[in-house]
Structures are given as structure tokens and as C-alpha cells.
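**Student:** Before I ask anything, let me first share the structure, which is written out below as C-alpha cells.
The values are calculated or read from the model by the stated rules, or taken from the named source; none is laboratory data. Every value quoted in this text rests on a predicted model; they were computed, and no experiment measured them. Reconstructed Cβ throughout: ideal geometry from the backbone, glycine too, with neighbour counts over all protein chains shown.
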Amino acid sequence: MSLESLKVQVIKKAWEDPAFKQQLLADPKAAVKDAFGVELPQEIQVTTVEETASHYYLVIPPNPEDIAGGNSNVEVVW
């Protein structure tokens with residue numbers, strides 16, 4: 001399963017399952033592991049927030065040029 005596919009599945013499940021959404025908001029790594037059997041690496045941090053009709057979040061991903069020579073694996077995050 002690709003990480004983009006996992007992201008889509010997590011969002012869809014959160015829309016359909018209120019209990020999962022609450023767990024995802026409280027402890028995203030545990031929620032993903034429990035629901036999908038995917039354990040995210042310890043060094044990866046995940047923050048889950050919920051947008052509303054009047055409150056949006058803009059996520060600016062890392063610039064690939066800033067990490068191209070490093071050991072970071074941005075794809076692991078999403």
C-alpha cells in the first residue's frame with residue numbers, strides 16, 4: 001500500500017467512523033496501527049487536526065531541495 005493510498009484510507013475512515021476519528025485526533029499513530037496494521041517509525045511525528053467549514057489548515061511540506069542530500073525520508077510521513 002502506498003503512503004498516499006494510506007492517507008486517503010485514513011481520511012475516509014475518519015469521515016465514516018466517529019470513534020476512529022476521535023482516536024486519530026488523540027493518538028494518530030496508535031489509530032493508524034490499530035485500524036490498518038501500519039506502525040509508523042518512532043522518529044516520525046504525526047499531528048492530526050480537523051478542519052471545519054470556517055477553519056482551514058495549510059500544510060507546507062518540506063522543500064525537497066532542503067532534504068535532497070540528507071537522510072530524511074519525507075515520503076514516510078505521507
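**Student:** Just to check your reading of the model, which residue among Ala30, Ala14 is touching a helix residue (DSSP H, G or I) at 6+ places or on another chain (Cβ under 6 Å), of a type in the set (A, V, I, L, M), assigned to a helix (DSSP H, G or I) and at pLDDT 90 or above?
**Tutor:** Ala14 is the lone residue from the list that is touching a helix residue (DSSP H, G or I) at 6+ places or on another chain (Cβ under 6 Å), of a type in the set (A, V, I, L, M), assigned to a helix (DSSP H, G or I) and at pLDDT 90 or above.
**Student:** Here's something else I'd like to know. Do we find that Leu6 is in a helix (DSSP H, G or I) and modelled with pLDDT under 95 in this structure?
**Tutor:** yes
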